[in-house]
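Every number here is computed from the coordinates shown, using simple stated rules; none is lab data. Keep in mind the model is a prediction, meaning the values are calculated, not measured. Cβ atoms come from the backbone with ideal geometry, glycine included; neighbour counts cover every protein chain shown.
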Amino acid sequence: MGLSDSDRAQSEMVGNVLLIGVVVIATSLVAVTVISNLTTGPGGVNDDPVQIGFQASATPGNITVSHNGGDSVDAGTVGVRLSNDTTKTEFRVDSTNLTGGDSRFDPGESFERAHGLNGTYIDILVYVQRPENSQVLLDTTVTAKAN
């Protein structure tokens, strides 16, 4: 008993189907990788700009930064830089001074902290620090009004 021509044709068909399957899977993997990089950036990092509305106010002793809406961010990534004519200071927002009580700076929450600057005018810069860059979200000068 030998192989007939019809038996050979079947094995060629199975080979073609397997080859097409490998090509489809490889193409799908490449497409998923490309689409993933388009939405998150290289290395899987989301590089979309943060959208947050901050408002700041100051008294002679304290600075208050309010999150008025937009994205929720990890409190430790938010930095505040204060300066006046004679002094500069910088600190990170932390959960101990955040009204929400957790490590997220969410819309509706505020951060209050003693600043230790003298003078009437205080320059306030609020930014979000990300692994790939910093994004300034508020740059303003306020009058430190007495309570």
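Below, the figures for the structure above:
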read-out	value
Summed side-chain charge close to LEU82 - residues other than LEU82 whose Cβ falls under 11 Å, Lys, Arg +1, Asp, Glu -1	+1
Charge dipole magnitude, Cβ of K and R +1, D and E -1 - region 52-143, Cα centre, debye nearest 20	160
Potential extension, VAL34-THR141 segment - 0.36 nm per residue separation minus Cα distance	34.2 nm
Packing-based order for 22-31, 109-118, using average beta carbon neighbours within 10 Å, highest first	109-118, 22-31
Packing-based order for 86-97, 64-75, using average beta carbon neighbours within 10 Å, highest first	64-75, 86-97
